[in-house]
Amino acid sequence: MDGAAILFILALAGVAAIFLFALKGLLDQLPDVIKSAGNVRDEWDRFRKKRDNAPPPAESPPPADKAQLPPGADDEEPSAAV
């Protein structure tokens, strides 16, 4: 009977040690998780603010067809007179 009581106490102490070790590991990770959550919140706020402060899209006139432009009007470089 004495042997069973000693084994029970040792098993109980082992389970408690494993539980405390796992709890310590979890609590050590908690500050990083909180910091990451704060970074996500800040980026989300920055994204929403950028979207809210963006100017409305300007309405531009439709582009003219090339067929309606005079010859040479669509050249990127001006022609040089010789």
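A few remarks follow.
- Summed over the stretch 1-48, the residues that are of a type in the set (F, W, Y) and open to solvent by less than 90 Å² (accessible area, probe 1.4 Å) give a count of 0.
Yes or no, residue by residue, for (1) out of contact with any strand residue (DSSP E or B) (no Cβ under 8 Å at 6 or more places or on another chain); (2) part of a helix (DSSP H, G or I); (3) small (G, A, S); (4) at pLDDT 95 or above:
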| residue | (1), (2), (3), (4) |
| --- | --- |
| A5 | yes, yes, yes, no |
| A11 | yes, yes, yes, yes |
| A22 | yes, yes, yes, yes |
| Q29 | yes, yes, no, yes |
| W44 | yes, yes, no, no |
| R48 | yes, yes, no, no |
| A58 | yes, no, yes, no |
| A64 | yes, no, yes, no |
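The values are calculated or read from the model by the stated rules, or taken from the named source; none is laboratory data. If you're wondering where the values come from, they're calculated on a predicted model, not measured in any experiment. Cβ coordinates were reconstructed from backbone atoms using ideal geometry, including for glycine residues, and neighbour counts include every protein chain displayed. For accessibility, only protein heavy atoms count, side chains too; no ligands or nucleic acids. Shrake-Rupley method; radii C 1.70, N 1.55, O 1.52, S 1.80 Å.
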